[in-house]
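Structure first, then comments.
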Amino acid sequence: MSTTQERTAEQELPYDVFSRACPSRGTLEHVTGRWGALTLGALYEGSFRFNELRRRVDGVSEKMLAQTLHALERDGLVHREARPTNPPRVDYELTALGREVAGRLIALIECLEGRMDEVLASRERYDDARRPPAV
C-alpha cells in the first residue's frame, strides 16, 4: 500500500484518542498539559501580548510558554498576530476552535475551584489514614 493510500485509509477511520497512532492524542496532550490548559484558560479572557500572558500564567518560564504557544498555534487553537510596529507587537488570541476547547476547560477549572474544600478534605483523610502511628 502506498503512503497516499495509507493516509486515505487512516482518514476514513474515526479518530480514537485511546489509540497510540491517533493524531488527536498529541492535541489532547497540548490542551490538557499544565501549561497548555493554563494558557488556553488565560486566553479565554481575551487577547494577550507574550509578557502579559506570562504574568497571567504565573510560574511558566519564557521557554515553556513559547513552546506551548507554538504547539497550540500549530493545532489551530491559538492565533498569533505580529504587527509591524516599532518595537514589534505580537498578540495571541484564541481561534474559534480554541475558544470552544477553552470554554470546556473553563468549565472544568470552575468545577475544581468550586470543590477544592472537598478535595483538600479528601487529601487530609487520605494522608491521615496512611500516616504511621505515633510511637
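The values are calculated or read from the model by the stated rules, or taken from the named source; none is laboratory data. Predicted model, so just to flag it, every value in this text is computed and none were measured. In this analysis, Cβ positions are derived from the backbone assuming ideal geometry, glycine residues included, and neighbour counts consider all displayed protein chains. Surface areas here come from the heavy atoms of the whole protein model, side chains and all, with no ligands, DNA or RNA. Shrake-Rupley method; radii C 1.70, N 1.55, O 1.52, S 1.80 Å.
Quote to one decimal, in nm, the extra length available between Arg80 and Arg115 on full extension: 0.36 nm per residue of separation minus the C-alpha distance between them.
9.2 nm
I'd like to verify something in the chain: which complete DSSP H helices, judged by Cα projection on the helix axis, reach 24 Å or more and average at least 0.5 on the Kyte-Doolittle scale?
96-114
Just need the relative contact order of the range 15-135 here, percent rounded to a whole number, with Cα pairs under 8 Å and 6+ apart.
22 percent.
Just subtract the alpha-carbon distance of Arg131 and Ser61 from 0.36 nm times their residue separation and send over the number in nm, one decimal.
Working: separation 70, 0.36 × 70 = 25.20 nm, distance 3.53 nm.
Difference between extended and current length: 21.7 nm.
What value, in deg cm²/dmol to 500, does the helix sum -39500 (n - 2.57) over DSSP H runs of n ≥ 4 give at 222 nm once divided by the residues of the chain?
-19000 deg cm²/dmol, from helical runs alone.
Compare the Cα positions of Ser61, Val78, Leu94 along the charge dipole of the chain (+1 at Cβ of Lys, Arg; -1 at Cβ of Asp, Glu; about the Cα centre) and return the one farthest towards the positive end.
Toward the positive end, the furthest listed residue is Ser61.
For the range 50-110, how big is the tail of P(r) above 14 Å, as a whole percent of Cα pairs?
63
Under the Kirkwood approximation for Rh and a Cα-based Rg, what ratio Rg/Rh is obtained for the range 96-135? Intermediate results must be reported in sequence, preceding the final value.
Numbers: Rg = 17.1 Å, Rh = 12.5 Å.
Reported Rg/Rh, Kirkwood definition of Rh: 1.36.
With a 1.4 Å probe and all protein chains left in place, how much accessible area per residue does the chain have, in Å²?
Details: 10250 Å² over 135 residues.
Each residue of the chain exposes 76 Å² on average to a 1.4 Å probe.
Can you give me the three principal axis dimensions of the range 7-91 from its C-alpha atoms, in Å, biggest first?
The Cα atoms of the range 7-91 stretch 49, 29, 22 Å along their principal axes.
Quick one: which of 65-73, 82-90, 48-56 comes out on top by average Cβ neighbours within 10 Å, and what's the full order, highest first?
Averaged packing, sorted descending, gives the order 65-73, 48-56, 82-90.
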